[in-house]
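Okay, so here's the structure we're looking at.
The values are calculated or read from the model by the stated rules, or taken from the named source; none is laboratory data. These numbers were taken from a predicted model, which means no experiment stands behind them. Cβ coordinates were reconstructed from backbone atoms using ideal geometry, including for glycine residues, and neighbour counts include every protein chain displayed.
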Amino acid sequence: MPPTLQFAVRDPFHPVLKSGSPTIQLTPEQDQYVKAILDICCSDSKFAQKAYAALFLVLTNGEEEALPPVITSLVPDTLVTEAGLVTITVRGTGFTADSVIMHDALALITTMNSDVELSGIVESIGMAAGSVPITVNNLGVVSNTMNFTWTAPLP
């Protein structure tokens, strides 16, 4: 019987071993691979996302499942309403050619600049001042939410 590893993901950048999590059966080879990935992940944080993706593949036995996109920042994160057509840049990880930026419930025309950056165009005329949730949708797999703020123009 293969060894049992208790594994849970709290944060996509920090996989953690945790008791009480679902049990995943690993072969001895998978167990060695997981330990090597965790060593890399713990020693240098710049490898955390790649380590997470590799662990995900090991733990799902290589089944193709989409990793959730993760938003790390919005550029800009605040704009004045009534500015006309504006571009919002979303930075993060896990973006694909199928990624769509969602401005509240509105899908923006989205351009994939790279696997870590998307741009979307939104019409600000008639936009109410306040916070709007921004997410990224990868074919039904939705990212975390970051708030974008619309401010009223100065009189």
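The table below gives the values:
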{"read-out": "The stretch 82-103: number of residues that are loosely packed, with under 12 Cβ neighbours inside 10 Å and closer than 18 Å to Gly126 by Cβ", "value": "2"}
{"read-out": "Total residues in the stretch 145-155, condition surrounded by 18 or more Cβ atoms within 10 Å (Cβ to Cβ) and more than 12 Å from Leu74 (Cα to Cα)", "value": "1"}
{"read-out": "Scan of the stretch 145-155 for residues that are of a type outside the set (A, V, I, L, M) and either in a loop (DSSP other than H, G, I, E, B) or within 12 Å of the chain's Cα centre (by Cα) (or both), ordered by number", "value": "Thr145, Pro153, Pro155"}
{"read-out": "Matching entry among Thr72, Thr89, Thr111 (being modelled with pLDDT of 90 or more, assigned to a strand (DSSP E or B) and in contact with a Gly (Cβ under 6 Å, 6 or more places away or on another chain))", "value": "Thr72"}
{"read-out": "Residues being part of a loop (DSSP other than H, G, I, E, B) and exposed (fewer than 13 other Cβ atoms within 10 Å of the Cβ) - total across the stretch 114-144", "value": "6"}
{"read-out": "The stretch 92-108 - residue that is small (Gly, Ala, Ser) and not in a loop (DSSP other than H, G, I, E, B) and, of those, nearest to the chain's Cα centre (by Cα)", "value": "Gly92"}
